[in-house]
Amino acid sequence: MTSYWLAEPALELPRGTGSGPVDVGIVGAGVTGCACALELAEAGLRVRVVDARKVAEGASGRNGGFALRGTAASYDQVVASFGRDQALALWQWTEAELQAMGELAGDAFRRLGSLRLAADAEEREDLRDEIEALWADGLEAEWIDAPGGPLAGRFTAAIRHPTDAVLQPARMVRRLAARAMEAGAEILEGRQVTDTGELGAERVVVATDGYPSGLLGDLEGLIVPTRGQVIATEPLAERLFEMPHYGRHGFDYWHRAADGRIVAGGFRDVSLDQEFTADEELTDPVQRALSTFVNDLVGRELRVDYRWAGIFGLVLDFLPVVGEVPGLPGTWVAGGYSGHGNVLGFACGRLAARAILGDRDPLLDLFEPVRLLG
């Protein structure tokens, strides 16, 4: 079935010609590629973006619509792995990028905060460790003991992250694409790139996240394709959920869309071995689990109007992969967001663009692609 986000009509973009050389070629017209193109085009570079589909039709139009600070790993885990200074810089960077995203996205962005929920005593302790680390470094977060309403009895505690938001992600990315074209970028839809030489560019950015490109040399396959499945119900009149929720270490996530639908995803763990794939097909076990979960939350059976799947790139240390591809001078990669691609994809597209323009952020030391070969 069609993604709820992609069902919204999109304006036709002007057709590019693909002729002549450019300064930077970008493979992938999702959030990373379009954010990168906008940054480069506004700086005066000639930019060409190419995608086998249309703008936002990959993971950028097939996710759950969350816009969260940080990474897929919790703050205390990142502190333990990389130190307090690095963790704090990373979190503050994502908060600043969330702000920038909101300014560009318009009504596709709603800053509501988010709730990270504990489903059992062990996860409650995990949340307590995280909020203590957040508070120690002056990062805003609120502890909620025994959440009420439809969450009562199901979840034992929560952290409210006030910086977070929900998106209509396809609408946002389409707006980035339109702004990039206004700034002079060219976008070619419906064209598969099999060799970076086809782009006629001095430098290339591969921005396909979990979708295999065949363009990454020794890195190919090390950003592991992983399927996420999502549903959207009939619209509900009642406002049961005021902000995005996620629990069970990210295996459950849901929110109320602007029109009242419950958008819910996750439950990869009911058949985890089948979900490490680049195949967007839906599976009965995950879809049944999603429907059952939403019905239980709401207390009645809901009609499901949309079901879809998208592919994200999983990296074992949960950090993005951004930088030059080892062994392929002039070819960059930006991906590996491990399910947090709306904010990290936007941020890393801009980070790569600035590095290409000569403004290299120290965060790139954390994101170096060569680490995947170690």
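The values are calculated or read from the model by the stated rules, or taken from the named source; none is laboratory data. Please read all numbers here as calculations on a predicted model, not as lab measurements. Every residue, glycine among them, receives a Cβ derived from its backbone with ideal geometry; neighbour counts consider all protein chains shown. SASA here: full protein model, heavy atoms, side chains in, ligands and nucleic acids out. Shrake-Rupley method; radii C 1.70, N 1.55, O 1.52, S 1.80 Å.
What to note about this one:
- The chain, relative contact order in percent, only Cα pairs under 8 angstrom and at least six apart counted: 25
- Probing with 1.4 Å while keeping every protein chain in the model, the per residue accessible area of the chain equals 40 Å².
- Residues of region 139-166 with an amide N closer than 14 Å to a point placed 7 Å from the Cα of GLN92 along the Cα-to-Cβ direction: 139-140.
- Cα gyration tensor shape of region 83-158, rounded if a/c is under 1.5, else prolate or oblate by comparing a/b with b/c: oblate
- Percent of Cα-Cα distances greater than 16 Å, calculated over region 155-219: 68
- Distance from the C-alpha centroid of region 234-281 to that of region 123-199: 13 Å, rounded to the whole angstrom.
- For the set THR156, THR32, the ranking by accessible area, highest first and with no ligand, DNA or RNA atoms included, is THR156, THR32 under a 1.4 Å probe.
- Three semi-axes describe the equivalent ellipsoid of region 136-179; taken as square roots of 5 times the Cα gyration tensor eigenvalues and ordered largest first, they are 32, 17, 5 Å.
- Antiparallel %, DSSP beta bridges [both residues in the chain], to 5: 65
- Here the spin labels are modelled as points 7 Å beyond Cα on the Cα-Cβ line, and at VAL370 and GLN99 they lie 3.4 nm apart.
- Taking a ≥ b ≥ c as the square roots of the Cα gyration tensor eigenvalues, region 18-57 comes out oblate, since a/c reaches at least 1.5 and a/b does not exceed b/c.
- Region 33-86: C-alpha gyration tensor shape, a/c 1.5 cut-off, then a/b vs b/c: oblate
- Fully extending the segment from ARG191 to ARG288 would add 31.4 nm, taking 0.36 nm per residue of separation and subtracting the current Cα-Cα distance.
- What the Cβ-Cβ distance of ASP359 and GLU198 gives, at R0 = 22 Å and to the nearest 0.05, is a FRET efficiency of 0.20.
- Helical content of the chain, expressed as a calculated mean residue ellipticity at 222 nm, amounts to -9000 deg cm²/dmol (DSSP H runs of 4 or more residues, -39,500 (n - 2.57) each, divided by residue number, nearest 500).
- Of all the options GLU186, GLU275, GLU234, the one that moves most in a Gaussian network model of the chain with Cα springs shorter than 10 angstrom is GLU234.
- Kirkwood Rh, Cα atoms: Rg over Rh of region 291-374: 1.20
- Converting the Cα gyration tensor eigenvalues of region 77-116 into ellipsoid dimensions via √(5λ) gives semi-axes, longest first, of 26, 12, 5 Å.
- Figure note: ARG256, ARG354 ranked by solvent-accessible area, largest first, 1.4 Å probe, ligands and nucleic acids not counted: ARG354, ARG256.
- Calculated translational diffusion coefficient of region 91-236 (37 °C, 0.692 mPa s; Stokes-Einstein with Kirkwood radius over alpha-carbon pairs) equals 169 µm²/s.
- Computed over the chain, the range of Cα coordinates on each principal axis works out to 62, 44, 38 Å, biggest value leading.
- For region 1-129, taking Cα atoms only, Rg and Dmax work out to 18.7, 60 Å respectively.
- Whole-Hz ³J(HN,Hα) from phi, Karplus 6.51 cos²θ - 1.76 cosθ + 1.60, for region 293-300, glycine and proline x: 4, 5, 4, 5, 4, 7, x, 7
- Kirkwood Rh in Å, taken over region 196-248 so that all alpha-carbon pairs contribute: 15.6
- In the assembled protein chains, THR196 presents an accessible area of approximately 40 Å² (probe radius 1.4 Å).
- Those trypsin sites (Lys or Arg not before Pro) in region 200-240 that DSSP places in a loop and that have at most 15 other beta carbons within 10 Å: ARG239
- Per-residue 3J(HN,Hα) values for region 358-368, derived from phi via the Karplus relation 6.51 cos²θ - 1.76 cosθ + 1.60 with θ = phi - 60°, read x, 10, 8, 6, x, 4, 4, 5, 6, 9, 3 Hz in sequence order (x marks Gly and Pro).
- Taking packing as the residue-averaged number of other Cβ atoms within 10 angstrom, the listed peptides 87-98, 35-46 run from highest to lowest as 35-46, 87-98.
- Of the solvent-accessible surface of the chain, computed with a 1.4 Å probe and all protein chains present, 49% belongs to carbon and sulfur.
- A convex hull fitted to the Cα coordinates of region 174-269 yields 169 cubic angstrom per residue.
- Subtracting the Cα-Cα distance of GLU125 and ARG248 from their residue separation scaled by 0.36 nm leaves 43.0 nm.
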